[in-house]
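Let me begin by presenting the structure, written as structure tokens, before commenting on it.
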Amino acid sequence: MKVSFHGHAIIQVETTKKTILFDPFITGNGLTDLKLDEVKPDVIILTHGHDDHVGDTVELAKKHGSLVIANYELGEFLLNEGVENVHTMHIGGAYTFEWGKVKLTPALHGSGYQTKDGHMVYCGNPAGVLLTIENKTIYHAGDTGVFSDMKLIGDRHPIDVAFVPIGDNYTMGPEDAALAVEFLNPKTAVPIHYNTFPPIKQDPHQFVDMLGTGVGKVMNPGDVLEL
Ligand code: NI
Ligand code: MN
């Protein structure tokens, strides 16, 4: 299985059967290596309703008939936008699809979508996501501050790779993210959600240096982890 990072909070998981894309913010993402017309997700998983995460979901899902997994309110919003194949969930809940298991975990953040006419649509609680697929567990923290229940997440779910935001300002910064990794205790921790915009400029190598030996891994956009 290939797990790849594509700038900001975009993670792609490719098995021999499915391509799963987290938070496909491609248009307007100056860091991503992805091209909108080359991406063909079978499944799109969204952590929350902010545009730097929802991104191109509506266009991609309409074009490819992708299954979109999101919290209930965000899922209903996407149905209203014309996305047909939506599976809604909520925090604490897990669902086993034929290709893998998805569980939504808490995140401390916001979740509104600003429409073109300037209205902010409520998009439910933000979440993190545990994806268990082919006997591996991938944790996408979403946008969040650190919280001590991450220890519970780590204790109950052995995590192979955790993607954690380090940008600060909107999410935890490097020091809090290092504490989050201590709580989560993953085999590998990869920093995300930094350097996309000026307020979230960070040095990911400084973050990795704060972690235990061999835990942290900086991935450049397009880099692949084989799991
Ligand atoms: Ni956000
Ligand atoms: Mn964000």
Problem - Checklist (1) within 16 Å of ligand 1 (Cβ to nearest atom); (2) open to solvent by less than 60 Å² (accessible area, probe 1.4 Å); (3) farther than 23 Å from L31 by Cβ applied to L130, failing item - result: (1)
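Quick one: would you say H90 is within 16 Å of ligand 2 (Cβ to nearest atom), modelled with pLDDT of 95 or more and under 17 Å from G142 (Cβ atoms)?
Values: within 16 Å of ligand 2 (Cβ to nearest atom): no; modelled with pLDDT of 95 or more: yes; under 17 Å from G142 (Cβ atoms): yes.
Answer is no for this residue.
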Handout entry: Close pairs from region 192-203: first over 22 Å from Y139 (Cα atoms), partner buried (at least 17 other Cβ atoms within 10 Å of the Cβ), Cβ under 6 Å, at least 6 apart
Key = K201/N195
Exercise for the section: State yes or no: is N125 within 16 Å of ligand 1 (Cβ to nearest atom) and either open to solvent by 10 Å² or more (accessible area, probe 1.4 Å) or of a type in the set (K, R) (or both)? Expected result: yes
Problem - Residue among G142, G173, G167 that is under 14 Å from A107 (Cα atoms), in contact with a Gly (Cβ under 9 Å, 6 or more places away or on another chain) and small (G, A, S) - result: G142
Problem - Unmet requirement for M120, which otherwise passes all of (1) of a type in the set (A, V, I, L, M); (2) open to solvent by 50 Å² or more (accessible area, probe 1.4 Å); (3) away from ligand 2 (no atom under 16 Å from the Cβ) - result: (3)
Practice task
Looking at (1) more than 16 Å from ligand 2 (Cβ to nearest atom); (2) more than 20 Å from L227 (Cβ to Cβ); (3) of a type in the set (F, W, Y), find the lone condition where F97 falls short.
Solution key: (2)
Completion exercise
Per the filter on region 204-221, residues under 19 Å from S4 (Cα atoms), part of a loop (DSSP other than H, G, I, E, B) and open to solvent by 60 Å² or more (accessible area, probe 1.4 Å) are G214, K217, N220
Exercise for the section: Filter the strands (runs of 3 or more DSSP E) completely within region 1-69 down to those with at least 1 residues that are within 16 Å of ligand 1 (Cβ to nearest atom). Expected result: 11-14, 19-22, 43-45
Practice task
Answer yes or no as to whether D51 is within 16 Å of ligand 2 (Cβ to nearest atom), surrounded by fewer than 22 Cβ atoms within 10 Å (Cβ to Cβ) and touching a residue at least 24 places away in the same chain (Cβ under 8 Å).
Solution key: yes
Practice task
Select from region 126-140 the residues that are touching a residue at least 60 places away in the same chain (Cβ under 8 Å) and part of a loop (DSSP other than H, G, I, E, B) and write down the one among them that is nearest to I159 (Cα to Cα).
Solution key: E134
Fill in the blank from the handout: When region 89-114 is checked residue by residue, the ones that are over 19 Å from T171 (Cα atoms) and surrounded by 19 or more Cβ atoms within 10 Å (Cβ to Cβ) are M89, G100, V102, K103
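The values are calculated or read from the model by the stated rules, or taken from the named source; none is laboratory data. Bear in mind that the values here come from a model prediction, so they are computed numbers and not experimental data. Cβ sites come from the backbone with ideal geometry, for glycine too, and all protein chains shown count toward neighbours. Ligands, DNA and RNA are excluded from the accessible area calculation, which covers all protein heavy atoms including side chains. Shrake-Rupley method; radii C 1.70, N 1.55, O 1.52, S 1.80 Å.
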